[in-house]
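The values are calculated or read from the model by the stated rules, or taken from the named source; none is laboratory data. These numbers were taken from a predicted model, which means no experiment stands behind them. Positions of Cβ are backbone-derived with ideal geometry, glycine not excepted, and every protein chain shown enters the neighbour counts.
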Amino acid sequence: MKFEHSIRGKIADFGTMVFSEFSRLFNEHRAIDLSRGFPHFKRNERLLTLMQKHIAEDRNHYLSVNGHKGLRKNIANLYQKYYGATYDGSTEVTITAGASQAIYTILSSMVRENDEVIIFEPAYDLYAPTVEVNQGKPVYVKLEQPDFHIDWSKVQKLITPQTRMIILTNPNNPTGSLLKAHDLQELHRTVNGTDILLLSDESLQFLVYDGYEHHSIANTESLAKRSFIVGGFGKTFQVTGWRTGFCLAPEDLMHEFRKLHQYIAFNVNSAAQFALSDYLEEGVDFKQIASEFEAKRDYFCQLLESTPFKAIPVKSGIFQPVTFETSVGYTDMELALKLIKEVGVAGVPLSAYVHDKTNYGMLRFCFARPDSLLEEAVEKLKTIDFL
């Protein structure tokens with residue numbers, strides 16, 4: 001049935017999210033999925049046991065709209081331990097339905113008509129559409145190659161009286177780059193004396209490798225007081241389907257956040273909150289978890305040496321960017337589609353994460369998969385005869 005009408009919704013045509021489109025394709029062609037960002041190589045037996053316990057004990061009903069009190073306290077304790085930052089679990093931490101809901105709520109709470117929001121690209125593809133839905137204007141800054149760092153002189157030239165917010169992704173998805181201590185110093189110089197807000201998406205904060213350090217916005221008090229920090233445990237603990245994230249912010253900013261949060265996510269997975277709270281309370285060895293992901297990255301890079309792809313050094317996260325010989329004439333999007341349809345392996349082109357679809361000549365594969373699946377995928381990649 002089709003209703004003929006002239007009504008248009010308020011959302012511009014952003015097209016289908018890259019993950020939705022690629023999911024349809026790799027299912028259609030039965031390709032190995034190294035595109036989506038869900039780690040799936042080791043069961044967290046203790047966390048699963050706690051989840052089962054709380055379901056059995058009937059923790060299946062509504063909690064506080066702001067989240068489980070103990071979980072909020074344990075998250076605040078984590079930020080005190082790792083970053084020396086003090087957050088009040090009661091008034092400055094809120095549990096959300098994944099990091100994406102937190103980001104959507106922050107932008108919808110704070111971005112007004114004609115506000116400008118600075119976004120570093122390549123960028124997670126939720127940011128810009130949400131800014132535009134709220135009648136704001138995305139202002140794009142390309143990260144500098146080859147290591148995808150920020151040129152702060154370019155950022156400072158883009159600051160105007162309309163600049164409402166700067167969005168940072170640290171660690172960066174999809175490039176795996178990290179902010180350094182000097183980046184926070186430059187950020188402080190950029191926003192000092194202004195009313196510019198910060199949104200720091202730190203969802204992969206515990207997956208940092210090779211001895212590098214994660215520098216959170218929470219490290220710097222002058223930045224933290226104007227910042228929303230978003231995080232989650234889904235990827236780190238390999239339970240992405242639980243959709244349990246969090247937002248930290250000073251009380252005045254959190255007050256604004258919660259005004260809208262109560263209508264978007266009246267409740268977040270109750271049993272998962274109890275399980276995560278207990279798990280954090282017991283103490284988590286995040287270094288050990290990171291080392292397991294790092295080993296997985298190293299093994300995948302070793303396997304890639306026998307393929308036409310070259311791995312780019314990546315310091316964090318769950319994604320391995322690779323380059324390919326661009327003289328053959330394929331854009332990264334064209335090659336990604338060809339790999340799904342003809343080779344049976346799904347990766348994501350980096351161009352999917354920039355508004356102008358710039359061809360970087362790079363693909364991104366998720367390495368957080370069982371060894372057997374990575375080996376099967378690489379065997380398929382070895383058969384490529386068009387690169």
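Annotations for the structure displayed:
- Leu178 being in contact with a Gly (Cβ under 7 Å, 6 or more places away or on another chain) and over 19 Å from Ala249 (Cα atoms): no
- Leu178 being buried (at least 16 other Cβ atoms within 10 Å of the Cβ) and under 14 Å from the mean Cα position of the chain (by Cα): yes
- With respect to the conditions (1) modelled with pLDDT of 95 or more; (2) farther than 26 Å from Thr236 by Cα, Ala295 falls short on a single one, namely (2).
- For the stretch 355-367, taking the residues that are in contact (Cβ under 8 Å) with a residue 60 or more places away in the chain and within 21 Å of Leu25 (Cα to Cα), the one that is surrounded by the most Cβ atoms within 10 Å (Cβ to Cβ) is identified as Arg364.
- Test result for Ser90, hydroxyl-bearing (Ser, Thr, Tyr) and over 19 Å from the mean Cα position of the chain (by Cα): yes
- Scanning the stretch 114-146 for residues that are in contact (Cβ under 8 Å) with a residue 40 or more places away in the chain and either of a type in the set (Asp, Glu) or outside the structural domain of Ala99 (by TED's automatic domain parsing) (or both) returns Asp115, Glu116, Glu121, Asp125, Glu132.
- The residues in the stretch 291-330 that are of a type in the set (Val, Ile, Thr) and not in a loop (DSSP other than H, G, I, E, B) can be counted, and the count is 4.
- Filtering the stretch 267-319 to residues that are under 25 Å from Gly176 (Cα atoms) and touching a Gly at 6+ places or on another chain (Cβ under 7 Å) leaves Val314, Lys315, Ser316, Gly317, Ile318, Phe319.
- Picking from residues in the stretch 292-329 that are touching a residue at least 40 places away in the same chain (Cβ under 8 Å) and either among the small types (Gly, Ala, Ser) or over 19 Å from Arg369 (Cα atoms) (or both), the one that is surrounded by the most Cβ atoms within 10 Å (Cβ to Cβ) is Gly317.
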